[in-house]
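Engineer: To start, I am sharing the structure in question, which I have written as structure tokens.
The values are calculated or read from the model by the stated rules, or taken from the named source; none is laboratory data. Values in this document were obtained by computation on a predicted structure and should not be read as measured data. When we count neighbours, we look across all protein chains shown, and the Cβ atoms used for this are built from the backbone with ideal geometry, even at glycine. Surface accessibility is based on the protein's heavy atoms, side chains included, excluding ligands, DNA and RNA. Shrake-Rupley method; radii C 1.70, N 1.55, O 1.52, S 1.80 Å.
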Amino acid sequence: MCGIVGYAGRRDALPILLDGLKRLEYRGYDSAGVAIVGSALQVMKDKGFIANLEAQLPPLKGSTGFAHTRWATHGAPSKVNAHPHVDCTGKIALAHNGIIENYASLREKLQARGHTFVSQTDTESLVHLIESYYDGDLEAATRKALGDVRGSYAILAVHADEPGKVIGARNESPLVVGIGPDENFLASDVPALLRYTDRVAYVMDREMVVITPKGVTIKDLEGHVVQREPQRITWSLEDAEKGGFEHFMLKEIHEAPQAIHETLLGRLANLEVDGFLSEGVTSVKLVACGTSYHAALVGKYVIEEIARIPASAELASEYRYSQGATERPLVLLLSQSGETADTLGAAREAHRRGCKTLAICNVIGSSLSREVDKTIYTRAGIEIGVAATKTFIAQLVVLYLIALKLGQDRGTLGYDELDRLKDQLRSLPRAAQYVLNKADEIRSLAQKYGAEAKDMFYIGRHANYPVAMEGALKIKEISYIHAEAYAAGELKHGPLALLTPSTPVIAVVAQDPTYEKMRSNVGEVSARGSPVLAIGTEGDKELPKFVDDVFEIPSLPWIFSPVPVSVALQLFAYEAARIRNCPIDKPRNLAKSVTVE
Ligand code: M6R
């Protein structure tokens, strides 16, 4: 995720662009840059926050241009990888949010034709491609170039010889037009524009837009003009930064489908997962903290189920104490931030033991990525809420990809089975969206079960046992309700003593091989008078007979059920915390990344 903002008008572009860009800093902040067209094209960029760029900017003159704040996906955060990227003539500048899937082959072809590349980014291929088509018309050249590109993008481009014009285009990354008198704007998100205009029009997938001081033209990629009525925005600036959602956490839960989609992009067809090699892997150890540890536990079940390789999960803070093993598993270290001290310590310990290490991380260039042999990045975009939500879902997606890759390379999965699993992975954004579409139902369930509760129990089995653990962690950290998670079979070994009619039990009863046993466990709970909310599967006619309420996830192969179940439990925790007036994005005593042991 990155932030882009463009301007074509009569005023000096620079202050407007910087002001807009600062309102998009939540979308990424590892580097920033601007391109202004005045008497010539002027480009400035640097690593670090926008303030760092601003401090070194000369007063660039010109009333057309764009700015970019980056959250790296390809190429480490650095000055050279920062946007804008410029073509060989130095006349075209481009900023991009998204991922160009086929950038490597484009780059190869363009280099063979003599283009010189200076960065490691996917974006640079596109600016050279536009250059190769340029014949005096930036709009036409951009349209042709986009015809050759696969992937997601919101782009802005300018040409030194076409002052007063900014070209934009969108596919699967957001782009909005702001309409003002004698000036027009483009941006990734409304907050960047709101100070200047409240009239906006949304650019849709596979559309291009040209802004000049005099007007806005939206066309499809074939060049046909599209009529789009502007809308008036009534949100305040603060509301707008959260995309109209009340909290960042809620916004981020709603970004799960996009996070899944981006994390899968370009990786499924040939199972090319950032150079991950399964050669010589005979067992896997997954190590992490907090929410990432729960993903690790799901990963253990998923890898064993799909790839038939022994896997175990361990808390990073405990890993160093489990001496004695002679085996050398592949050690997977999971961390959203890549800065968690316990996980960094575990990575060093794994190396000391002679193990190969692979990180699953959401932040490019993080400390963890420098400690390990390889890193696979989740592409969930920046996460601001302290409670991890969309990044947990993206971690699950990477774990499925790894399991498929291991299964393919070890021959435990046949072609047909592999294809079937790939198709099911592709359908996960829809499964997450299905749950999000029922947010109202979750709100009333949270009112019923979460408004007054002092204690709660979460139960599940197999891969949905760690999902229950994650559900309990979410409700603890943001609503302050005391919650315990148990493998459902364990209740009868002690915790049943704690169940009373005022202790709600949230039971994950997916249609998996443990279904019958889960139903018995739910029966044991109901018999003690505890109210039971089950997360079940669409069309399950039996389950409602055993529990008080059922929230249905869509019917999908059970191994993938942790994804929609987790989205439902995240929303449930959010709604319970909202009802209880808790400070959701900044819960007490917690920090987004924990850099002490
Ligand atoms: O950045 P990491 O994934 O390494 O962070 C690990 C935990 O600190 C983190 O998951 C924490 O548990 C979150 N607050 C959970 O919502």
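Engineer: Using +1 at the C-beta of Lys and Arg and -1 at the C-beta of Asp and Glu, which of 344, 301, 433 has the Cα lying farthest in the positive direction of the dipole of the chain?
Structural biologist: Among 344, 301, 433, the one farthest towards the positive end of the dipole of the chain is 344.
Engineer: Further, regarding this structure: I'd like to verify something in the chain: which complete DSSP H helices, judged by Cα projection on the helix axis, reach 24 Å or more and average at least -1.0 on the Kyte-Doolittle scale?
Structural biologist: 290-307, 390-410, 562-579
Engineer: How big is the gap, in Å, between the Cα center of segment 277-291 and the Cα center of segment 111-171?
Structural biologist: 40
Engineer: Accessible area, 1.4 Å probe, largest first: how do 430, 195, 23 sort?
Structural biologist: 430, 195, 23
Engineer: Name the aspartates and glutamates eligible as straight-distance cross-link partners of residue 541: C-alpha to C-alpha under 16 Å, and not fewer than 8 places from it in the same chain.
Structural biologist: Cα-Cα hits under 16 Å: 512, 516, 549, 552.
Engineer: A follow-up question, please. Heavy atoms of the protein only, probe of 1.4 Å, neighbouring chains included. What is the accessible area of residue 44 in Å², nearest 10?
Structural biologist: 50
Engineer: With the dipole of segment 1-126 worked out from charges on the C-beta (+1 for Lys and Arg, -1 for Asp and Glu) around the Cα centre, which of 64, 103, 52 lies farthest toward the positive end?
Structural biologist: Checking the options against the dipole of segment 1-126, the answer is 64.
Engineer: Here's a follow-up. Which whole-number percent gives the relative contact order of segment 242-426, counting Cα pairs below 8 Å spaced six or more residues apart?
Structural biologist: With pairs under 8 Å counted, the relative contact order is 29 percent.
Engineer: How big is the chain by the Kirkwood estimate over distinct Cα pairs, in Å?
Structural biologist: After inverting the mean inverse Cα-Cα distance, the result is 25.2 Å.
Engineer: Here's something else I'd like to know. What percent does the relative contact order of segment 437-586 come to when contacts are Cα pairs within less than 8 Å and at least six residues apart?
Structural biologist: Across segment 437-586, relative contact order equals 29 percent.
Engineer: Greater than 26 Å separation of Cα atoms is the criterion. Which listed pairs, 285/438; 79/586; 47/586; 79/474; 390/476, meet it?
Structural biologist: Numbers: 285/438 36 Å; 79/586 32 Å; 47/586 28 Å; 79/474 38 Å; 390/476 18 Å.
In this structure, 285/438; 79/586; 47/586; 79/474 lie more than 26 Å apart at Cα.
Engineer: Lys/Arg Cβ at +1, Asp/Glu Cβ at -1, dipole of segment 496-593 taken about the Cα centre: which of 567, 503, 590 is farthest positive-ward?
Structural biologist: 590
Engineer: For segment 84-97, take each phi angle, set θ = phi - 60°, evaluate the Karplus expression 6.51 cos²θ - 1.76 cosθ + 1.60, and give the result in whole Hz per residue in order, putting x for glycine and proline.
Structural biologist: Along segment 84-97, the couplings run x, 9, 10, 7, 5, 7, x, 9, 9, 10, 9, 10, 9, 10 Hz.
Engineer: What order do 235, 71, 558 take when sorted by accessible area (1.4 Å probe), most exposed first? Write down the numbers at each step before the final one.
Structural biologist: On the way: 235 90, 71 20, 558 60 Å².
The ranking, largest first, comes out as 235, 558, 71.
Engineer: Report the calculated FRET efficiency for residue 148 and residue 528 (r = Cβ-Cβ distance, R0 = 56 Å), to the nearest 0.05. Don't skip to the end; give the middle numbers.
Structural biologist: Values: r = 64 Å, r/R0 = 1.14.
Result of the calculation: an efficiency of 0.30.
Engineer: So for the chain, averaging the separation of alpha carbon pairs under 8 Å that are six or more residues apart and normalising by length, what relative contact order in percent results?
Structural biologist: 11
Engineer: Can you give the charge dipole size of segment 437-586 about its Cα centre, rounded to the nearest 20 debye, using +1 on the beta carbon of Lys and Arg and -1 on the beta carbon of Asp and Glu? It would help to have the intermediate numbers written out before the result.
Structural biologist: On the way: 16 positive and 19 negative charges, 52 e Å.
The calculation lands at about 260 debye.
Engineer: Here's another thing I want to ask about it. Excluding residues on the same chain fewer than 8 positions from residue 454, give the aspartates and glutamates whose Cα lies under 15 Å from its Cα.
Structural biologist: The reachable aspartates and glutamates, counting only those whose Cα sits under 15 Å from residue 454, are 477, 484.
Engineer: Would you list which lysines come within 18 Å of residue 61, measuring only between C-alpha atoms, while excluding same-chain residues fewer than 8 positions from it?
Structural biologist: Partners found: 45, 91, 165.
Engineer: If you count only protein heavy atoms and use a 1.4 Å probe, how large is the accessible surface of residue 312, to the nearest 10 Å²?
Structural biologist: 40
Engineer: Per DSSP H run of at least 4 residues, take -39500 (n - 2.57); add these up for the chain, divide by its residues and hand me the 222 nm value, nearest 500 deg cm²/dmol.
Structural biologist: -10500 deg cm²/dmol
Engineer: What does DSSP give for the chain in terms of the percent of beta bridges that are antiparallel, rounded to the nearest 5?
Structural biologist: Beta bridges within the chain, antiparallel portion: roughly 60 percent.
Engineer: Would you check the accessible area of residue 224, probe 1.4 Å, heavy atoms only, in square angstrom rounded to 10?
Structural biologist: 110
Engineer: Identify the trypsin sites (Lys or Arg not before Pro) of segment 522-594 meeting these criteria: DSSP loop state and at most 16 other C-beta atoms within 10 Å of the C-beta.
Structural biologist: 528, 541, 588, 592
Engineer: In debye, nearest 20, what is the charge dipole magnitude of the chain about its Cα centre with +1 on Lys and Arg Cβ and -1 on Asp and Glu Cβ, if you could check?
Structural biologist: For this selection, approximately 580 debye.
Engineer: OK, next. Could you rank 474, 492 by how accessible they are, 1.4 Å probe, largest area first?
Structural biologist: Reading off the accessible areas and sorting them downward yields 492, 474.
Engineer: Oh, and also: If you stretched the chain out fully between residue 420 and residue 51, how much longer would it get, using 0.36 nm times the residue separation minus the C-alpha to C-alpha distance? Don't skip to the end; give the middle numbers.
Structural biologist: Numbers: separation 369, 0.36 × 369 = 132.84 nm, distance 4.84 nm.
My answer for the length gained is 128.0 nm.
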